[in-house]
Ligand SMILES: Cc1ncc(COP(=O)(O)O)c(C=O)c1O
């Protein structure tokens, strides 16, 4: 029987009304039940969360049908872009064959073995052993426990302190958050884990030692030597740093930094650990960020882009000698560190498919080729009165926001200037992140030059919009900090 046009229209209207009701209910349930971290609960309660429903390539769509360029690769992780059927197929295949198998208690699974071997092949030479986790924080917990274990097995039980950099981000579980060098992750949550020593970071724009590169001769790396003198090498087990600080505002150490750190670590028997949770798997145009500095760490932490976020996975690669210490402990020793989901077969299958794409589509050389264009477009934003400096490394960048360029004075937190810029970009269809005093950009590695241009244009408009608002209240220039907290017309 043929349906009349009127009946078709009313069926469509009914479907539309049902979809609108379901959407309203999801919005209500989101507000009522789902906690959104790394944002102000009060702001999310007022504004609601952006519910994403679909992704393809660099784009995601929200529940209202709006399309965004995901210029943060979601959470720095979706390297290959959204909606890749190859990964979905690999995961489905594994789920149908064997949905789960542990790597604990003497069991194993093919994807976990294949991935461990592949990572050992890709990693800097000598990092031969892999232990898996579900993400970056768990991986850094693993570092803390393995550092202690290693030095105990080597008969040096007091080497338990770990040196970490100011404004480092290593995760938000208690041990990892203790390594994290941001007060926001500490002050409501204290006491933190004892035994973390803090060190100046290699941040040349606002050098914490008040020096200038290159005349400083890498004094910030030599701070490690000062810490050893103060605490004693027998009490320091490891040094940890991100090759390029991500959440801390895309801070890349100058040439020679990690080589100097390696040399100090070697001299004092300190394990050198690099946290590659953001920089791993192509972000800087190399498999691992540390390859920029001609040095090899003792432990390498990974997560995020190992699966491009398709499933949760992280882990730590260890230098062979560290594992040898466990072997030499003999059959009486068991490794009491691991997680139910260490090496989850479906997550490992996702990682293998993801690595196939990164290799097959030659994304590492592509990043190296696109990086100069990305840097040029983003550097141009330094012309905004709000931007003190633009820092780029591979396909990641941060705009350092200041209310007065000559004095480099940041905006007071209460003015929420980075969040306003992020929201202005979001309204124009580009997702970036407000992180401390910066706006961070980190698109999927597959981003095209034209999409980079759009990201830069939208950021320019967002900066101009917020600069105009701030100028109205006299919030720019040397006296700007005080004025920038005044309420602004129409600002959410
Ligand atoms: C360098 C670094 N380490 C560790 C983590 C924590 O990873 P996860 O959120 O997977 O626990 C992050 C997360 O952003 C990170 O950037």
> Going by how many other Cβ atoms sit within 10 Å of their own, how do 356, 266, 298 line up, fewest first?
Replying inline: 266, 356, 298
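Please work out the FRET efficiency for the pair residue 174 and residue 53, using the Cβ-Cβ distance as r and a Förster radius of 35 Å; give the result to the nearest 0.05. Intermediate results must be reported in sequence, preceding the final value.
Details: r = 34 Å, r/R0 = 0.98.
With R0 = 35 Å, the Cβ-Cβ based efficiency is 0.55.
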> Using mean Cβ contacts within 10 Å as the protection proxy, how do 359-369, 429-439 order, highest first?
Replying inline: 429-439, 359-369
>> Taking R0 as 41 Å, what FRET efficiency do you get between residue 33 and residue 234 from their Cβ-Cβ distance, rounded to the nearest 0.05?
In response: 0.25
> If you take the square roots of the eigenvalues of the alpha-carbon gyration tensor of the range 86-360 and sort them as a ≥ b ≥ c, do you get rounded (a/c under 1.5), prolate (a/b over b/c) or oblate?
Replying inline: prolate
> Using the alpha-carbon centroid of each, what span in Å lies between the range 1-45 and the range 83-125?
Replying inline: 37 Å
> Using mean Cβ contacts within 10 Å as the protection proxy, how do 191-198, 252-259 order, highest first?
Replying inline: 252-259, 191-198
> What is the Cα centroid distance between the range 179-201 and the range 318-340, reported in whole angstrom?
Replying inline: 28 Å
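Below 8 Å, C-alpha to C-alpha, sequence gap of six or more: please give me the relative contact order for the chain in percent.
Result for the chain is 19 percent.
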>> What FRET efficiency comes out for residue 25 versus residue 89 if R0 is 25 angstrom and r is the Cβ-Cβ distance? Round to the nearest 0.05.
In response: 0.15
> How much mean residue ellipticity at 222 nm does the chain get from its helices, if each DSSP H run of length 4 or more adds -39500 (n - 2.57) and you divide by all residues, to the nearest 500 deg cm²/dmol?
Replying inline: -12500 deg cm²/dmol
> Arranged from highest to lowest average of other beta-carbon atoms within 10 Å per residue, in what order do the peptides 335-342, 304-311, 17-24, 207-214 appear?
Replying inline: 304-311, 335-342, 207-214, 17-24
> If you take the square roots of the eigenvalues of the alpha-carbon gyration tensor of the range 187-251 and sort them as a ≥ b ≥ c, do you get rounded (a/c under 1.5), prolate (a/b over b/c) or oblate?
Replying inline: oblate
>> Tell me whether the chain comes out rounded, prolate or oblate; compute the Cα gyration tensor, take square roots of the eigenvalues as a ≥ b ≥ c, and use a/c under 1.5 as the rounded threshold.
In response: oblate
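Every number here is computed from the coordinates shown, using simple stated rules; none is lab data. Since we're looking at a predicted model, the values are computed, not measured. Note that we place each Cβ from the backbone using ideal geometry, even for glycine, and neighbour counts take in every protein chain shown.
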